[in-house]
Amino acid sequence: MRRLLILAAAVSLTVPSQLGPAAAQQPRPRASAPAPATPAPVAPAPEPPPAAYEPDLLRLAEVMGALAYLTPLCKPLPRDADWLARMQQLLDSEGTTTGRRERLAGAYNRGYLAYQPMHRTCTDRSRTALDDLNTQGGRLARELATKYGA
């Protein structure tokens, strides 16, 4: 029975049905050459697990972003407070993978954007936030240097 079904399937594939004798005698179109194979995209190498100090480093980047927004708002920008240049140095030294660079830059941007809605001009709250962020950033930088070497 199984052979009969296989034979019937093979016959139905080779004999055109309902087309008539003229269609059966027409030459079959030639198959076009297969398209050249495109190389499969190379998957990026898996990212190594985050370093033990990554949460502190991300918080430092976020603080630097907030300082980059608040510092010029409240006081003239001293030469050593170029937070964007410092962030670029941090990215150059710690942004060893694409994912890590994106996380660091994202933290900086979050810090920068977090203070925009509430602080359009320099107020007492802005000055207090600036002082607190300077203290927190200094503490984080010292802790990172002490615990993990700089």
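The values are calculated or read from the model by the stated rules, or taken from the named source; none is laboratory data. From a predicted model like this one, the values you see are computed outputs, not experimental measurements. Counting neighbours? That spans all protein chains shown, and the Cβs are built from the backbone with ideal geometry, glycine included. Surface areas here come from the heavy atoms of the whole protein model, side chains and all, with no ligands, DNA or RNA. Shrake-Rupley method; radii C 1.70, N 1.55, O 1.52, S 1.80 Å.
What the table shows:
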{"read-out": "Counted residues, the range 96-133 - those being surrounded by 13 or more Cβ atoms within 10 Å (Cβ to Cβ), over 14 Å from Arg59 (Cα atoms) and of a type in the set (A, V, I, L, M)", "value": "2"}
{"read-out": "Single unsatisfied condition, Gln136 versus (1) loosely packed, with under 12 Cβ neighbours inside 10 Å; (2) of a type outside the set (Gly, Ala, Ser); (3) assigned to a helix (DSSP H, G or I); (4) more than 22 Å from the chain's Cα centre (by Cα)", "value": "(1)"}
{"read-out": "Criterion: part of a loop (DSSP other than H, G, I, E, B), modelled with pLDDT of 70 or more and exposed (fewer than 10 other Cβ atoms within 10 Å of the Cβ) - qualifying residue of Pro29, Pro36, Pro50, Pro41", "value": "Pro41"}
{"read-out": "Residue match in the range 65-77 (condition: among the hydroxyl-bearing types (Ser, Thr, Tyr) and open to solvent by 50 Å² or more (accessible area, probe 1.4 Å))", "value": "no"}
{"read-out": "Extreme residue, surrounded by the most Cβ atoms within 10 Å (Cβ to Cβ), among residues of the range 78-95 that are charged (D, E, K, R) and at pLDDT below 90", "value": "Asp82"}
